[in-house]
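Here's the structure, in C-alpha cells; my notes come after.
The values are calculated or read from the model by the stated rules, or taken from the named source; none is laboratory data. This one's a predicted model, so the numbers in the text were calculated from it and none came from an experiment. So basically every Cβ, Gly included, is an ideal-geometry build from the backbone, and we count neighbours across all protein chains shown.
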Amino acid sequence: MSLELVADSLVFIFPAYCANAVPVIFGGGQPLDLGRTLRDGRPVFGAHKTVRGFLAGLIVGSLVGVGESLIFDHYDPLLGFLLSLGALVGDLGGAFIKRRLGLAPGASLLVVDQIDFALCALLFSLLVSPPTVAMVLVILVLTIPVHLLTNFAAYLAHLKKSPW
C-alpha cells in the first residue's frame, strides 16, 4: 500500500468523515424521527439523531468538499455533498439497526458504528466519482481506527458521553 494511495483515499472520504463528526458538536434539538416509535415500541432512530445535527453535518461536509475542489483540480464539489449525505444516511441506518436490537442511543455495536457511514458514503459516491477498489479497501481499513480515535478524543473533550 503506497503512501499516495492512502493520501488519495483520505482526501476522497474526508467530507464524509467531517459530516459524520460534526453532529457531535452541533447536534441537539428536534429528533429526526420526531420521537416516533415503530410497532416494536422503539424509536425509529432515537433522540441523538437530530435535525440540527443532520443539517450541520451536511453543510460542513459539503463545504469541505467545496474546499477540496478548490485545492485539488480533480475533486468534484458534488462528490463532497454526496459523500456527506451518504455518511449521514449510513449513520441513520446504523442507528435504526441498533434501535431494532434494543440498544440505547450511544450504545456500541462494533463494526456497524465504525463503518456504516463510510459504506453508505462510498455507495453515494458512485453517482459522481467511483473510487477504485484499492481506495475502498484503504478507506474501510483506516475508517475503523480513525473512528475509534476521534470518538475517544470527543469523549475526552466531553463532547460525547461514551468513548465510542
Original post:
For G102, which of the numbered conditions (1) without any contact (Cβ under 8 Å) to a residue 60 or more places away in the chain; (2) outside any helix (DSSP H, G or I); (3) of a type outside the set (D, E, K, R) fails to hold?
Top reply: (1)
**OP:** Working carefully through the options I144, I97, I115, find the one that is touching a residue at least 12 places away in the same chain (Cβ under 8 Å), surrounded by fewer than 14 Cβ atoms within 10 Å (Cβ to Cβ) and assigned to a helix (DSSP H, G or I).
**Re:** I97
Original post:
When you look at L92, is it closer than 15 Å to N20 by Cβ, modelled with pLDDT of 95 or more, of a type outside the set (K, R) and part of a helix (DSSP H, G or I), yes or no?
Top reply: yes
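Residue by residue, here is whether (1) in contact (Cβ under 8 Å) with a residue 40 or more places away in the chain; (2) part of a helix (DSSP H, G or I) holds:
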position	(1), (2)
S9	yes, yes
F14	yes, yes
A19	yes, yes
V22	no, yes
G28	no, no
Subject >> Single residue of the range 3-38 satisfying the filter (more than 19 Å from G67 (Cβ to Cβ) and within 13 Å of the chain's Cα centre (by Cα)) that is surrounded by the fewest Cβ atoms within 10 Å (Cβ to Cβ) >> reply: V24
Subject >> Among residues of the range 74-89, those that are in a loop (DSSP other than H, G, I, E, B) and free of Cβ contacts under 8 Å to residues at least 24 places away in the same chain, counted >> reply: 1
Original post:
Can you tell which of F72, F81 is aromatic (F, W, Y), farther than 23 Å from P163 by Cα and touching a Ser or Thr at 6+ places or on another chain (Cβ under 7 Å)?
Top reply: F81
